[in-house]
Amino acid sequence: MTGQCASCHSGAYPPADGKPATHTPYQLVATLASANCDSCHKAGYTSWTPARLHASVTVVDSCASCHASSKPNTAIHAGQTVCESCHKSTSSWSTAKVDHSTFTAATNCASCHNGSSATGKPAAHIPVAATNCISCHSTAGWKPTKWNHTQLPVTGQCASCHSGAYPPADGKPATHTPYQLVGTLASANCDSCHKAGYTSWTPARLHASVTVVNSCASCHAGIKPNTAIHAGQTVCENCHKSTTSWTSAKVDHSTFTVATNCASCHNGSSATGKPSAHIPVAATNCISCHNTTGWKPTKWNHTQLPVANQCASCHNGAYPPADGKPATHTPYQLVATLASANCDSCHKAGYTSWTPARLHASVTVTTSCSSCHLSVRPATAVHAGQTVCENCHKSTTSWTGAKVDHSSFTVATNCSSCHNGSAATGKAASHMPVGATNCIACHSTTAWKPTKWNHTQLPVANQCASCHSGAYPPADGRPAGHIPYQTLTGVVITNCDSCHKAGYASWAGGRFHANVSVTGQCKTCHSGSYTSQGATAKPSNHIPEAQLLNGAAMECNACHTSVTSWAQKMNHNGSQGSGAGWCKACHASGTNYLGSMERMSLTHRTKTPVPTDCSTSGCHRPLGSKGSPYTKWD
């Protein structure tokens, strides 16, 4: 029987019932024309219900075949024959969406959006007359809107919307200026005063925007000052002539004179009175210093009251602009003899300036100096614990004449606690290094010079160069022509006193060879550059040792073997003569070098050929055959 229901249930075979007249006309949907009953009726053979078409078969078009007769009778459905254009679901009508993508400003939105067919304007919508929805709203949603005050004529129409009835278009707040009480402004609209455009109500200025010449009390009566001068006044404009400022209001003072009792009004309640900081003037009338057009500038010039020796009555800091003593003022009142002094005891320049003012030039002070100077004394050892300035400072015109009493100072006194270069004169940068030795060891308590330095105050043995480096005059260093002992190899000289043995009074008597040992290197000092230091140079008629074999490299001690005398024994350094050293350089007649060597002419025996040197074949040894080399000619 599956798929065969209609074979019997066609109405022709009672009691097998057929489709009722109101059965869904599914056969009008092409894809369902051949469907059988059990396509939808799933409950079995006992009941036709429940049966669900869309739950059982798929339908994607021809919806109107069944639903056309039951669509709502609304403008939005009028003339619509294709349900699926808007309704995309077969399970719910509510998800239907009208396709607004083709709508334009010419579309009559209100034909549907009238509150019945589709959402319409709420009761609190601003009055826009026949302006189309799309002017402000988009087709995707009511919010946000594009309202920018250009969609309607708004000039002079603000209150049409801004009445408080159409939020969020706000109306006047409860505290708004009640301009409508002024006859000439009763019909004014918001934009008469609110000129900032559509983005803000502020700034808004009534008097800057409209002209008001009377009825001021309509707005201002409730806020006028509660003062005697305003009591009973209801016409603001009698005194106040400006709409930009209250302060320009003026009482007519033109008839007032010195006889007028200013204080009868200017008592601080009816009108401005003397402030609590006003200088004390007793019963002196206001007009003595002030004029009738303004309190300032005043005519005060110190002649209206007796002021001699009365300065502090006003100049105590309580009555500005009469200035008082600054916080750093000299605390003269702590000095007993000056406690009752007035300002003009020192301030002598008159009423125009406090300066110049000189305490010591004006009054006599002989004691209690620290009352003023204690807090500003230098933070130095020489001042530490000192509270009586006048012990050292005897002048009131200069600090520099002060003298510390050194008479009781001894070697136990730590001089450098004061003489450190800040509290008092300290050691100069070129002072010789004395370690912790106290100043008094060399200097007296009356002057730095002359000193008592005698080389006993410090250990000085083997320490000479600590001071005698040239950096601490008058301690002299090595002169430029001092022998260059420091360049010698193997010489151990630790300090100046290795050679200088004469004591502290003189450098003279310094002896190098008597105190240190040196091997070779004679020419380093005996070169002629250090003769002032006793380093004798070779004489100008010294034998030309360069003529010996390798003679240029010979040192003095090759011949001079003593460091106490130049006595010598000739060393020929293995010279052979005839080019391997030359005998004739010293032994040829006519030479005049130091020494007792024998001199002969090269031709003293053989005339021809002339011999090349004394030592040559056939002549003297070592190259010849006569005598002994270096000791005997024949």
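Annotations
- Residue ID - farthest from Ala6 (Cα to Cα), chosen from residues in region 62-76 that are out of contact with any Asp or Glu (no Cβ under 6 Å at 6 or more places or on another chain) and at pLDDT 90 or above: His67
- His266 vs. criteria assigned to a loop (DSSP other than H, G, I, E, B), open to solvent by 40 Å² or more (accessible area, probe 1.4 Å) and touching a strand residue (DSSP E or B) at 6+ places or on another chain (Cβ under 7 Å): no
- Count of residues meeting criterion [open to solvent by 40 Å² or more (accessible area, probe 1.4 Å), within 19 Å of His77 (Cβ to Cβ) and of a type in the set (Gly, Ala, Ser)] in region 113-126: 2
- Check on Cys369, open to solvent by less than 60 Å² (accessible area, probe 1.4 Å) and touching a strand residue (DSSP E or B) at 6+ places or on another chain (Cβ under 9 Å): no
- Each residue in region 295-336 was checked for being among the small types (Gly, Ala, Ser), more than 46 Å from the chain's Cα centre (by Cα) and assigned to a loop (DSSP other than H, G, I, E, B), and 1 of them qualify.
- Checking His620, His587 one by one, the residue that is under 26 Å from Asn541 (Cβ atoms) and out of contact with any Phe, Trp or Tyr (no Cβ under 7 Å at 6 or more places or on another chain) is His587 and no other.
- With respect to the conditions (1) among the hydroxyl-bearing types (Ser, Thr, Tyr); (2) under 25 Å from Thr612 (Cβ atoms); (3) open to solvent by 40 Å² or more (accessible area, probe 1.4 Å), Ser575 lacks only one, and its number is (3).
- Test: residue in region 316-336 that is open to solvent by 50 Å² or more (accessible area, probe 1.4 Å), in contact (Cβ under 8 Å) with a residue 40 or more places away in the chain, more than 30 Å from Val258 (Cα to Cα) and among the β-branched types (Val, Ile, Thr): yes
- For region 337-362, the tally of residues that are under 15 Å from Asn309 (Cα atoms), in a loop (DSSP other than H, G, I, E, B) and either without any contact (Cβ under 8 Å) to a residue 40 or more places away in the chain or of a type in the set (S, T, N, Q) (or both) stands at 9.
- Residues within region 470-491 that are within 20 Å of Gly503 (Cβ to Cβ) and assigned to a loop (DSSP other than H, G, I, E, B), tallied: 6
- Qualifying residue in region 51-59 (condition: within 30 Å of Cys109 (Cα to Cα) and at pLDDT 90 or above): no
- Screening Ala271 on (1) open to solvent by less than 40 Å² (accessible area, probe 1.4 Å); (2) over 43 Å from the mean Cα position of the chain (by Cα); (3) within 30 Å of His393 (Cα to Cα); (4) small (Gly, Ala, Ser) shows it passes everything except condition (3).
- Ala249 being within 27 Å of Ser215 (Cα to Cα), touching a residue at least 40 places away in the same chain (Cβ under 8 Å) and either outside any loop (DSSP other than H, G, I, E, B) or under 53 Å from the mean Cα position of the chain (by Cα) (or both): no
- The C-beta contact set for region 135-150 (first residue on the phi > 0 side of the Ramachandran plot, second residue open to solvent by 70 Å² or more (accessible area, probe 1.4 Å) and assigned to a loop (DSSP other than H, G, I, E, B), distance under 9 angstrom, 6+ apart or interchain) comprises His149/Tyr198.
- The number of residues in region 245-263 being of a type outside the set (Ser, Thr, Tyr), at pLDDT 80 or above and surrounded by 10 or more Cβ atoms within 10 Å (Cβ to Cβ) comes to 7.
- Selection status of Gly503, open to solvent by less than 80 Å² (accessible area, probe 1.4 Å), at positive phi, free of Cβ contacts under 8 Å to residues at least 60 places away in the same chain and more than 60 Å from the chain's Cα centre (by Cα): yes
- Region 337-350, residues that are hydrophobic (A, V, I, L, M, F, W, C) and either at pLDDT 90 or above or buried (at least 17 other Cβ atoms within 10 Å of the Cβ) (or both): Leu338, Ala341, Cys343, Cys346
- Count of region 272-292 residues which are under 13 Å from Cys262 (Cβ atoms), of a type outside the set (A, V, I, L, M) and part of a loop (DSSP other than H, G, I, E, B): 10
- Of residues in region 127-175 being within 57 Å of the chain's Cα centre (by Cα), among the aliphatic types (A, V, I, L, M) and within 27 Å of Ala106 (Cβ to Cβ), the one most open to solvent (accessible area, probe 1.4 Å): Ala140
- Residue match in region 545-568 (condition: at pLDDT 90 or above, open to solvent by 50 Å² or more (accessible area, probe 1.4 Å) and among the aromatic types (Phe, Trp, Tyr)): yes
- Subset of region 454-469 [out of contact with any Ser or Thr (no Cβ under 7 Å at 6 or more places or on another chain) and part of a loop (DSSP other than H, G, I, E, B)]: Asn454, His455, Thr456, Pro459, Val460, Ala461, Gln463, His468, Ser469
- Here Ala68, Ala110, Ala105 are screened, and the one residue that is touching a Gly at 6+ places or on another chain (Cβ under 9 Å), open to solvent by 40 Å² or more (accessible area, probe 1.4 Å) and among the small types (Gly, Ala, Ser) is Ala110.
The values are calculated or read from the model by the stated rules, or taken from the named source; none is laboratory data. Everything numeric here is computed off the predicted structure, so don't read it as measured data. Note that we place each Cβ from the backbone using ideal geometry, even for glycine, and neighbour counts take in every protein chain shown. Protein only, heavy atoms only, side chains kept; ligands, DNA and RNA dropped before computing areas. Shrake-Rupley method; radii C 1.70, N 1.55, O 1.52, S 1.80 Å.
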